[in-house]
Amino acid sequence: MSGLVKIAGGRVIDPLHGVDEEPRDVWIRDGRIIAAPEDPAIRPDRTIDARGYVVMPGGVDVHCHVAGAKVDASRLLRPEERRVELGQARAAVDDFSGGTMGSCPTATMTGRLYAGMGYTTVNDAAIAPVGAFLAHEELAETPLVDRGFLTLAGNHRYLLEILNRGESVDERVEAFVRWLVWRTGSLGIKVVNPGGIETWKQGRPRISALDDQVPEFGVSPRIILESLCKASAAIGLPHPVHLHSLNLGLPGNHATTAETLRALSGLPVHLAHVQFHSYGGDPNDPASLRAEVDALVELVNDRPEISVDVGQVLFGPTTVMTADGATAQYLGGLTKRKLLLDHVELETGCGVMPIEYRDKNLVHAVQWATGLEWFLRTEDPWQVALSTDHPNGASFTAYPELMALLADSGYRRESLDRLPESVRERTAIRDLSREYSLSELAIVTRAAPARMLGLVHKGHLGPGADADITIYQPDSDFRRMFAMPRWVLKGGRVIVDDTEIRAFEPGTTHRFDQPRPDAESLEPIRRWWLHNATTAWETADIGDHLRSSLRTIAPRTHGQKEVGDV
Amino acid sequence: MTTGEDSSSGMTASSIHPGAVPVCVGCGCLCHDLELLSGAPDFRNCELARNFMRRAGSGNSRTQDDSNDRMAMAARQLRDALHFGRSIALVGLEHTAWEVQKAAIALAEDLGAWVVRESEFQEGGSPWAASFAQKGCTTASWGEIRLRSDAIVLWYAPLWHTHPRWMERFGPVSSRAHRLAVVAPGSSIAPDGWIEDQMLRVDPGQANAYLRAVRDSLKDASQESPDASVRRFVHTVRNSHWLAIVRGDDPPGLAEAFGVAESFADLVAEANSTGDRRVVSTHVPSEINAAGLDALLSIRAGLSTPMRFTADGPARALGEWSADKADFVVSFFTGLSENDIPAGIRFVAADAADSFGVDSNSGRTISIPVGISGLGATGTLIRGDGVVVPVRNVRKTSDPDLLSILIKLRKALRAKGESNAAESGDANARFGAEAAQ
């Protein structure tokens, strides 16, 4: 894209640069945003008349599940979804592939659906290292958006062994993380139920406290977490450790979540789907669930190095998919629905099952309200990213619904009125009247998630940024407004026009930029691999050919690197 | 077709796919420690592969070039046979190595045949896919099984899977005591008899009754089965903390295949329900491309037709299948038999079993070698346990021949989908047309 494009006169919202609905022009050349030409004689090759429209950076999803074996398995597990929902996302272009919808759309459909609602970057939050190559293949088949993923690290048996041995731990854990991120071509690491998945895979009783011991290894979740957070910071991964903590979904888990945050004092961390970790109640009585957000929000408000995504629950059928096999087995026991549990090659686990969140179900209603509490009570929206933990809380296609709930307190009250009365006693939702402004919505859907992921060229409209831009028709019905943008530009090219997909863009996948790990640091890992793994050492790595095709993201060096430092 | 060789590993790698992961041409096992001498195939570390390659009867080893030649010969035989058909359907392409797809699609194009996927043909996918979709499963990759299991049951394991070499995959890496029980169809024996004393027999046609008896005994300890084999199976489950059931492909002609798959899923689920033991099941295919492999891949690639469900679950009979209009069906590695095909339709099965060991074709079966580097439609090979092995992405090939074949595949799928849609107006059929766009 070498032509000069001008988006003229739109109400520009660019929170990073303090621009809030100001009539401005946005200029684009070679797929990037540029400063307005100083020479008034310069004319654009194309002008998009955006007067009266709202102009924002393209959306960035910090936490979703759109690739890898767990998504494929969910499609196999749930053919009934494909029977109900057939066909293609609205598109006026033939990209020579088709697909299916449901809560886990196929790769092509995923790209179309995201782009169709103005999202241009997605991050899969949990790829098993052994499935990294497949994930890259699938992401490459996910058009119209740029991509990245985090790889799972908190239950790798090699990590547990070196922590157990206790020799040169910092150095060895750092080498392990470098290797993991290098071999997978990922942006960083996710830690799911640290030590808990390994314990579950052993067939042992669940561990639930930060200082419980992982059988066979004698290390605690606290040790695992601290070591990985330190290594992540030392390496300068663009995104801090992405944490799915212990006791997900269990009543009373807020105490563990708070203790975890205190344990990581001073270390940057991202709390994933924090809504699922913010409950009071009796751990032995699922029906006792209530929101317990106060203390946790205060901790986050006081600690700018912490970020969260919410994992909002919205009502309707969807699919649970998690690396946390222990939680999936627990849920499966409660719901008695079909369930996939997988033990994944010395590294992690997996659970997939259908679920339906019902507005008349008190537990589900409390989850809905707990998520909204997080959005409405966190003081700094830069610390919050909008997510449904797609597809766990709801499909990403429900984001417009969630944005409407945040921006329109009247609509929120109407929704609340349909829920069981007791939800008002178990949560603080009825006392919250805050309404998100368009600028705040732009922060939690674009600017903040881009900053959290270290994607300095995303989430803003400053010179040098990727020209990923969404242009909305203002509408008092926010669901309609955010579901169908008038235009979407990807890398400066119009991919959505008049709400239809009009062009095919393959998009790129990001990885962390680091030098190849040296052979000496890899040797202990290689020896371990050859003794324990059932594939060749070489096949553990995505390979230089694929790696070289990925776009690199520079290390975070001195503290938080600001989006916009391009 | 020629093949190159990876001199470092001594294993074959396709010259069309330089850099692809070498795969053992003996069984496609992906073992990474084999040594194959160039020009004179000799699997130094694998007695199994040697035997496998020599099973032609002549005692001569087979090379990959041999297999390519044999495939070409088989393709010619197929082409000749198909001249008898006026309206031809090629079924089951998701189950083949790509070289076979290439030949089959070329045939389809030459003959104007329809390309029909097995999942459409069977209307509900395979019994195991249907069982998975109904009930889910608890599974594990091979590394997990090798590490954790204190007992392994092989269910319908192909004979070579009971060979010591193959079983090394599950060999202990720790001091855990491994016990082994094998459940096999009545007439099967292990190739060397090395585990024959541990083999539990299931009479032909009794697999489902056998599984039900095991489940009953597990649920109620007071219900001890009169069948010693069942008692031993139950004893193995009860005395294991971490049990792996490794399942091979169903034997041909298995009665109540859907019932067996469902009973098997129930058995695993119920065995896990006590909470004091872990029971996992995993599938080990007898071919390179597992039944589920391309189902997974094609679903994400969008080429798969959704399974058809009724109020009672997946439909199991031929229904609106487009090839009902066909007068000649060619099955590629589908497990379909003549009995599955409506009367009046000619049938040829291209069967991969014993692909290196068959010199001549018998009856209506034409054998096509599959001991060739296999890869899915989008270029990722998934081992039977779900572990991903990167290979080359066919869809992004620069090979002009392969590109040509892929274009033909797309056209054939589109034509088939449009034909279905026009004839039936059915939602699934319309989807087929869209999916092929």
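The values are calculated or read from the model by the stated rules, or taken from the named source; none is laboratory data. Please read all numbers here as calculations on a predicted model, not as lab measurements. No Cβ is skipped: glycine too gets one built from the backbone with ideal geometry, and neighbour counts run over all protein chains shown.
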| Out of region A:228-247, which residues are in contact with a Lys or Arg (Cβ under 9 Å, 6 or more places away or on another chain) and not aliphatic (A, V, I, L, M)? | A:GLY236, A:PRO238, A:HIS239, A:PRO240, A:HIS242, A:HIS244, A:ASN247
| Residue ID - surrounded by the most Cβ atoms within 10 Å (Cβ to Cβ), chosen from residues in region A:173-197 that are touching a Pro at 6+ places or on another chain (Cβ under 9 Å) and within 14 Å of chain B (Cβ to nearest Cβ) | A:THR184
| For A:LYS360, all conditions in the list (1) in a helix (DSSP H, G or I); (2) away from every other protein chain (no Cβ under 14 Å) hold save one; what is the number of the exception? | (1)
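Show me the strands (runs of 3 or more DSSP E) found entirely inside region A:1-86 where at least 3 residues are surrounded by fewer than 18 Cβ atoms within 10 Å (Cβ to Cβ) and charged (D, E, K, R).
A:19-29
Is it true that B:PRO226 is surrounded by fewer than 20 Cβ atoms within 10 Å (Cβ to Cβ), more than 13 Å from B:LEU211 (Cα to Cα) and in contact with a Pro (Cβ under 6 Å, 6 or more places away or on another chain)? Talk me through it step by step, then tell me what you get.
Numbers: surrounded by fewer than 20 Cβ atoms within 10 Å (Cβ to Cβ): yes; more than 13 Å from B:LEU211 (Cα to Cα): yes; in contact with a Pro (Cβ under 6 Å, 6 or more places away or on another chain): no.
Here the answer is no, as B:PRO226 does not meet what is asked.
Quick test for you: out of A:ALA519, A:ALA540, A:ALA467, A:ALA483, pick the one residue that is farther than 23 Å from A:LEU441 by Cβ and in contact (Cβ under 8 Å) with a residue 12 or more places away in the chain.
Within the list A:ALA519, A:ALA540, A:ALA467, A:ALA483, the selection yields A:ALA540.
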| query | helices (runs of 4 or more DSSP H) wholly in region B:184-283 with at least 3 residues that are closer than 18 Å to B:GLY136 by Cα, within 14 Å of another protein chain (Cβ to nearest Cβ) and modelled with pLDDT of 75 or more - which ones? | reply | B:257-272
| task | Go through (1) outside any helix (DSSP H, G or I); (2) surrounded by fewer than 24 Cβ atoms within 10 Å (Cβ to Cβ); (3) touching a residue at least 40 places away in the same chain (Cβ under 8 Å) one by one and return the number of the condition A:SER387 breaks. | result | (2)
| away from every other protein chain (no Cβ under 14 Å), under 22 Å from A:ALA73 (Cα atoms) and either of a type outside the set (A, V, I, L, M, F, W, C) or not in a strand (DSSP E or B) (or both), is that true of A:GLY311? | yes
| query | If you go through region A:539-557 one residue at a time, do you hit one that is of a type in the set (S, T, N, Q), modelled with pLDDT under 90 and either assigned to a loop (DSSP other than H, G, I, E, B) or closer than 24 Å to A:GLY148 by Cβ (or both)? | reply | yes
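Do we find that A:ALA533 is in contact with a Pro (Cβ under 9 Å, 6 or more places away or on another chain), among the small types (Gly, Ala, Ser) and in contact (Cβ under 8 Å) with a residue 24 or more places away in the chain in this structure?
Values: in contact with a Pro (Cβ under 9 Å, 6 or more places away or on another chain): no; among the small types (Gly, Ala, Ser): yes; in contact (Cβ under 8 Å) with a residue 24 or more places away in the chain: yes.
Answer is no for this residue.
When residues of region A:330-372 are filtered for being of a type in the set (Gly, Ala, Ser), touching a helix residue (DSSP H, G or I) at 6+ places or on another chain (Cβ under 7 Å) and either surrounded by fewer than 23 Cβ atoms within 10 Å (Cβ to Cβ) or touching a residue at least 40 places away in the same chain (Cβ under 8 Å) (or both), how many remain? Give the steps one after another, and end with the answer.
Residues of region A:330-372 that are of a type in the set (Gly, Ala, Ser), as a first pass: A:332-333, A:349, A:351, A:365, A:369, A:371.
From what is left, the residues that are touching a helix residue (DSSP H, G or I) at 6+ places or on another chain (Cβ under 7 Å) are A:349, A:351, A:365, A:369, A:371.
Filter again for either surrounded by fewer than 23 Cβ atoms within 10 Å (Cβ to Cβ) or touching a residue at least 40 places away in the same chain (Cβ under 8 Å) (or both), leaving A:349, A:365, A:369, A:371.
The total comes to 4.
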| field | Sole residue being under 28 Å from A:LEU455 (Cα atoms) and within 14 Å of chain B (Cβ to nearest Cβ), chosen from A:GLY58, A:GLY18, A:GLY68 | value | A:GLY68
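Criterion first (out of contact with any strand residue (DSSP E or B) (no Cβ under 6 Å at 6 or more places or on another chain) and not hydrophobic (A, V, I, L, M, F, W, C)) does A:ARG337 satisfy it? Don't jump to the end; show me each part of the working.
Working: out of contact with any strand residue (DSSP E or B) (no Cβ under 6 Å at 6 or more places or on another chain): no; not hydrophobic (A, V, I, L, M, F, W, C): yes.
Against the criterion (out of contact with any strand residue (DSSP E or B) (no Cβ under 6 Å at 6 or more places or on another chain) and not hydrophobic (A, V, I, L, M, F, W, C)), A:ARG337 does not qualify.
Which helices (runs of 4 or more DSSP H) sit wholly inside region A:114-197 and have at least 3 residues that are more than 16 Å from the chain's Cα centre (by Cα) and of a type in the set (Lys, Arg)? First the steps, then the outcome.
Details: elements: A:132-140, A:157-165, A:169-184.
Because the criterion is at least 3 residues that are more than 16 Å from the chain's Cα centre (by Cα) and of a type in the set (Lys, Arg), the helices (runs of 4 or more DSSP H) in region A:114-197 that meet it are A:169-184.
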| Among the residues of region B:240-259, how many are farther than 24 Å from A:HIS343 by Cα and hydrophobic (A, V, I, L, M, F, W, C)? | 4
| field | Hits in region A:71-85 (condition: at pLDDT below 80 and facing another protein chain (nearest Cβ under 7 Å)) | value | A:ASP72, A:ARG75, A:LEU76, A:PRO79, A:GLU80, A:ARG82, A:ARG83
| How many residues does region A:413-422 contain that are assigned to a helix (DSSP H, G or I) and either out of contact with any helix residue (DSSP H, G or I) (no Cβ under 7 Å at 6 or more places or on another chain) or exposed (fewer than 15 other Cβ atoms within 10 Å of the Cβ) (or both)? | 3
| Can you tell me which residue in region A:198-220 is nearest to the chain's Cα centre (by Cα), limited to those that are within 14 Å of another protein chain (Cβ to nearest Cβ) and more than 20 Å from A:GLU345 (Cβ to Cβ)? | A:ARG206
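In region B:125-153, how many are within 21 Å of A:GLN202 (Cα to Cα) and modelled with pLDDT of 75 or more? Steps first, please.
Residues of region B:125-153 that are within 21 Å of A:GLN202 (Cα to Cα), as a first pass: B:136-153.
In the following step, the residues that additionally are modelled with pLDDT of 75 or more were identified as B:136-141, B:143-153.
Of the residues in region B:125-153, 17 are within 21 Å of A:GLN202 (Cα to Cα) and modelled with pLDDT of 75 or more.
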| task | Report yes if A:THR256 is at pLDDT 95 or above and either touching a strand residue (DSSP E or B) at 6+ places or on another chain (Cβ under 9 Å) or assigned to a loop (DSSP other than H, G, I, E, B) (or both), otherwise no. | result | no
| remark: Over region A:265-284, the set of residues closer than 11 Å to A:LEU299 by Cβ and at pLDDT below 95 is A:SER265
| Just checking, which of A:VAL192, A:VAL274, A:VAL241 is touching an Asp or Glu at 6+ places or on another chain (Cβ under 8 Å), closer than 20 Å to A:LEU163 by Cβ and in contact (Cβ under 8 Å) with a residue 24 or more places away in the chain? | A:VAL192
| request: Specify which of the listed residues (A:GLY464, A:GLY459) is of a type in the set (Gly, Ala, Ser), outside any helix (DSSP H, G or I), modelled with pLDDT of 95 or more and farther than 30 Å from A:THR388 by Cβ. | output: A:GLY464
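Residue by residue, here is whether (1) assigned to a helix (DSSP H, G or I); (2) free of Cβ contacts under 8 Å to residues at least 60 places away in the same chain holds:
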residue: A:TYR411; (1), (2): yes, no
residue: A:ARG424; (1), (2): yes, yes
residue: A:ARG434; (1), (2): no, yes
residue: A:ALA442; (1), (2): yes, no
| task | Consider only pairs whose beta carbons are under 8 Å apart and that are at least six residues apart or on different chains; among these, list those whose first residue lies in region A:199-225 and is at pLDDT 95 or above and whose second residue is assigned to a loop (DSSP other than H, G, I, E, B) and β-branched (Val, Ile, Thr). | result | A:THR199/A:ILE207; A:GLN213/A:ILE207; A:VAL214/A:ILE207; A:PRO221/A:ILE207
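What's the total number of residues in region A:108-140 that are within 14 Å of chain B (Cβ to nearest Cβ), more than 28 Å from A:HIS156 (Cα to Cα), buried (at least 24 other Cβ atoms within 10 Å of the Cβ) and of a type in the set (A, V, I, L, M, F, W, C)?
Summing the residues that are within 14 Å of chain B (Cβ to nearest Cβ), more than 28 Å from A:HIS156 (Cα to Cα), buried (at least 24 other Cβ atoms within 10 Å of the Cβ) and of a type in the set (A, V, I, L, M, F, W, C) in region A:108-140 gives 1.
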